[in-house]
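Just below is one structure, and these are the notes that go with it.
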Amino acid sequence: MRFNDRSWCGHIRLSDSGRAIRLMGWVDALRNHGDVLFIHLRDMSGIVQVVFNPEELQLDIYRRAESLRNEYCILVDGHVVSRADTTENPNIETGRIEVIASDLTIFSRCATLPFSISEKAMIRGGTAAGGGPVSEDLRLKYRYLDLRRPTMQENLRKRDAIMQCVRACLHRRGFIEIETPLLTKSTPEGARDYLVPSRIHHRRFYALPQSPQLFKQLLMIGGMEKYFQIARCFRDEDLRPNRQPEFTQLDIEASFIDEEFIYELMENLVVEIFAVSGIQCKTPFPRMTWEDAMDTAGTDRPDIRFGLRFVDATGIFEHTNYGIFRNIIEKGGCIKGINVKGRSGDLSKNVLQNDYAKEIVPSFGARGMTWMRVVDGKLESNIVQFFSENERYGLRERFQAENNDVIIMIADQSPRIVNEVLGLLRLHLANRLNLIPRNDFAPVWVTEFPLFEQTRSGLASNHHPFTAPRRTDFDPANIDELLRLRSRAYDLVINGEEVGGGSIRINDRHLQVKIFQALGLSDADVEEKFGFFLNALGYAAPPHGGMALGMDRMISMVLGTASIREVIPFPKNRNAYCPLTDAPSHVSYRQLSELGLLDSTGGKWVEGRKVL
Ligand code: ASP
């Protein structure tokens, strides 16, 4: 069989000189030197140069070679020769040899290409072509061509290596990979469901899983004890640049464990994932309570690669004569700030006043900001004259201010606004002043989240309703008390991005019912949505917990790609649309009618049942 004795383009080396070989792949680039034709032949292993010399070839074979164009799919027979020093190509790994062709088969010709696929320079020192300037939608429309580019091939290969490493690591620790259904009932993870209408059960719908949450908990009740799955999840959320309607999570659950088990397991896993790309990560990862994260970085996704921690200055101004601050403190507000160490040279009065105080900070949602520069051991700004000597001294002490430091403070009646705005300002300044070490990876666990949050439509779970609270003796009707409750949830944040999260779960039926009551669900709601699950909890559920790691995001981070779409073979674009298949698309009336979604006589939409 002619496919059997194939060699790989990218593996040929100088030691193969003189060997007869057979290659298959695509024409990456062509060049005609007088009568001698040179091509770069590419397969999944790499690129090699092939030479068609009219003096050594039968005329019909040479003519065939002349008809080659970019991306033709071909087979070449030939032999390997070393190149003369002057013609070596350091841009490709096989650059010290070339293949002298003796025969050529064209498997298939290629239509006019929508964009250049070759990434390797044909000529030494030449610049690489490739996907850079091509619009992403065009790349996605022709994803099968885009995938031929070595960069995409490498990304998917690394993705595979990471998945393999994850599987091996979990298997080593006794976890079992188990699949859970895709056609199922909704599990609340805070997004809308993708619904799938049923033809057999008219006007009823499956939901695609937002996560396998309930099934993995049922597996624990089923005694499986250590589960994992590389699970596809579906969430119909608002569009954001780095979000996909379907995405891949590493989903994990284990029984008879607590938080420490999860931290240790996940830290080792993350270390191994980064190691696939040669990146070292130190364990144990630091931990921060949610409250601490909010207080010092203004977000539950703190980027700890740089300082600029918040300093609370409220106490300094308790007896102030400065009206604005006095007023804010009297109304329960606070004053917090950051010290931008040694950067007064980059933050002139003009920049601080006109850019930050007048434009940037108001766009973040605060009314204003206070700035001070430290010059000759003294605070200097348009406002310090309103502060007493004690207050100035207090500020210098509290912020550990030294010459050339810049102190920036936000004061507001709402501590939430102060934290939020200062959090955004912290990131803005870090980016502007290049304070973020780009090649560092700084994981941190965020713990002790509030169990509930207040939304416009009432109380909602901060993670999901199956998360165990830290205290169980609460009154489900007391909103203030509920809002003070903390959960046994944890998020893993790396470089300011949430890459995963999970929790210790509720394994007591009564407690689960209490949580549903706190969420304002009626008994009928609970029965209709979660009856099957509450039933299961009645049959001796073990203590259990778990976590999910967003694999697209993790892999994108490890590989340093600009977006998660670079590590997903067939992603949707930023509008949740697939330019390749044109999905989502219209369906025929017949299909709708078969599904019971159309009254076939009148061509009308069938009304939905009033559901919860
Ligand atoms: N189901 C959760 C999620 O998808 C993760 C977990 O709690 O294990 O975010």
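No lab work stands behind these numbers, since they all come straight from the coordinates. Computed from a predicted structure; not experimentally measured. Neighbour counts are summed over all protein chains in view; Cβ atoms, including those assigned to glycine, are modelled from backbone coordinates with ideal geometry.
Test of understanding: express the Cα radius of gyration of region 103-243 as a ratio to 2.2 N^0.38 Å, with N the residue count.
Values: Rg = 22.0 Å, N = 141, 2.2 N^0.38 = 14.4 Å.
The value comes to 1.52.
At Ala161 and Asp346, where each label point lies 7 Å from the Cα along Cα→Cβ, what is the point-to-point distance in nanometres?
The two pseudo-label positions are separated by 3.4 nm.
Hey, how much of the P(r) for region 43-108 falls beyond 17 Å, as a percent of Cα pairs? Numbers along the way, then the final one.
Values: 960 of 2145 pairs.
Of the Cα pairs, 45 percent sit more than 17 Å apart.
Figure the gain on full extension for Thr87 and Gln58 (residue separation times 0.36 nm, minus the Cα-Cα span) and round it to one decimal in nm.
Details: separation 29, 0.36 × 29 = 10.44 nm, distance 2.54 nm.
Gain on extension, Thr87 to Gln58, equals 7.9 nm.
For an R0 of 35 angstrom, estimate the FRET efficiency from the Cβ-Cβ distance between Lys282 and Ser135 and round to the nearest 0.05.
Numbers: r = 40 Å, r/R0 = 1.15.
Rounded to the nearest 0.05, the efficiency is 0.30.
Holding the Cα-Cα limit at 27 Å, pick out from Lys185/Lys514; Lys282/Lys572; Lys216/Lys282 the pairs that are longer than that. Working shown, then result.
Numbers: Lys185/Lys514 22 Å; Lys282/Lys572 34 Å; Lys216/Lys282 30 Å.
Over 27 Å apart, Cα to Cα: Lys282/Lys572; Lys216/Lys282.
Suppose we keep just the alpha-carbon trace of region 278-393; what are its Rg and Dmax in angstrom?
Looking at region 278-393, its Cα Rg and Dmax stand at 16.8, 57 Å.
Tell me, what is the percent relative contact order of the chain, built from C-alpha pairs under 8 Å that lie six or more residues apart? Don't skip to the end; give the middle numbers.
Values: 1122 pairs, mean separation 77.7, N = 612.
The normalised contact order for the chain reaches 13 percent.
With the crude spin-label approximation of a point 7 Å out along Cα→Cβ, what separation in nm comes out for Asn382 versus Asn575?
The modelled label-to-label distance comes out at 4.4 nm.
If you look at just the Cα atoms of region 320-366, how large are its Rg and its Dmax in Å?
Cα only, region 320-366: 13.3, 36 Å (Rg, Dmax).
Using the charge dipole of the chain (Lys, Arg: +1 at Cβ; Asp, Glu: -1 at Cβ; taken about the Cα centre), state which of Pro241, Val418, Pro114 has its Cα farthest towards the positive end.
Result: Pro114.
Express the Stokes-Einstein translational diffusion coefficient of region 528-586 in µm² s⁻¹, to the nearest whole number, given a Kirkwood radius over alpha-carbon pairs, 20 °C and a viscosity of 1.002 mPa s.
Details: Rh = 15.4 Å.
Calculated translational D: 139 µm²/s.
Apply the Kirkwood formula to region 495-568: the hydrodynamic radius equals the inverse of the mean of 1/r over all pairs of different alpha-carbon atoms; give it in Å with one decimal.
Details: mean 1/r = 0.0659 Å⁻¹.
15.2 Å is the Kirkwood radius here.
How big is the Kirkwood radius of the chain, worked out from every pair of different alpha carbons and given in Å to one decimal? Before the final figure, lay out each step's value.
Numbers: mean 1/r = 0.0343 Å⁻¹.
In the chain this quantity evaluates to 29.2 Å.
Expressed as a rounded percentage, what relative contact order does region 17-112 have, with Cα pairs under 8 Å and six or more residues apart?
33 percent
So if each residue of separation counts as 0.36 nm, and I subtract the Cα-Cα distance between Ala20 and Gln400, what length gain in nm does that give? Kindly include the intermediate steps, with their values, before the conclusion.
On the way: separation 380, 0.36 × 380 = 136.80 nm, distance 7.31 nm.
In short, 129.5 nm is gained.
With only alpha-carbon pairs counted, each pair once and no self-pairs, how large is the Kirkwood hydrodynamic radius of region 4-82 in angstroms?
Numbers: mean 1/r = 0.0783 Å⁻¹.
Evaluated over region 4-82, this radius sits at 12.8 Å.
Using alpha carbon coordinates only, what is the Rg to Rh ratio of region 186-241, with Rh defined as the Kirkwood radius?
Working: Rg = 13.8 Å, Rh = 13.0 Å.
Ratio of gyration radius to Kirkwood radius for region 186-241: 1.06.
Scan region 290-364 for chymotrypsin sites (Phe, Trp or Tyr not before Pro) in coil per DSSP, keeping those whose Cβ has at most 12 other Cβ atoms within 10 Å, and list them by number.
Details: sites: Trp290, Phe306, Phe310, Phe317, Tyr322, Phe325, Tyr356, Phe364; in loops: Phe306, Phe310, Tyr322.
When the chymotrypsin sites (Phe, Trp or Tyr not before Pro) of region 290-364 are filtered for loop state and at most 12 Cβ neighbours within 10 Å, nothing remains.
What is the distance in Å between the Cα centres of region 374-395 and region 493-518?
46 Å
Output the direction-averaged projected area (hull surface divided by four) of the convex hull of the alpha-carbon atoms of region 271-345, in nm². Numbers along the way, then the final one.
Details: hull surface 33.1 nm².
Its Cα hull, projected and averaged over all orientations, spans 8.3 nm².
Please list the equivalent ellipsoid semi-axes of region 455-612, computed as the square roots of five times the alpha-carbon gyration tensor eigenvalues, in descending order and whole angstrom. Walk me through the intermediate numbers first.
Values: eigenvalues 248, 173, 43 Å².
Its equivalent ellipsoid spans semi-axes of 35, 29, 15 Å.
Excluding same-chain residues fewer than 8 positions from Lys378, which lysines have a Cα within less than 20 Å of its Cα?
Output for Lys378: Lys336, Lys341, Lys349.
Under the Kirkwood approximation for Rh and a Cα-based Rg, what ratio Rg/Rh is obtained for region 245-311?
Values: Rg = 15.0 Å, Rh = 14.5 Å.
Over the Cα atoms of region 245-311, Rg/Rh equals 1.03.
What's the magnitude of the charge dipole for the chain around its Cα centre, counting Lys and Arg as +1 and Asp and Glu as -1 at the beta-carbon? Answer in Debye, nearest 20.
Details: 77 positive and 80 negative charges, 176 e Å.
Computed about the Cα centre, the dipole is about 840 debye.
Grab the DSSP H runs of the chain that are 4 residues or longer, score each as -39,500 (n - 2.57), total them, divide by all residues and round the 222 nm result to the nearest 500 deg cm²/dmol.
Working: 16 runs with 162 residues, N = 612.
The per-residue figure over the chain is -8000 deg cm²/dmol.
Can you list the chymotrypsin sites (Phe, Trp or Tyr not before Pro) in region 519-605 that are in a DSSP coil and have 12 or fewer other beta carbons within 10 angstrom? Before the final figure, lay out the partial values.
On the way: sites: Phe530, Phe532, Phe533, Tyr539, Tyr577, Tyr589, Trp605; in loops: Tyr539, Tyr577.
Passing sites in region 519-605 are Tyr539.
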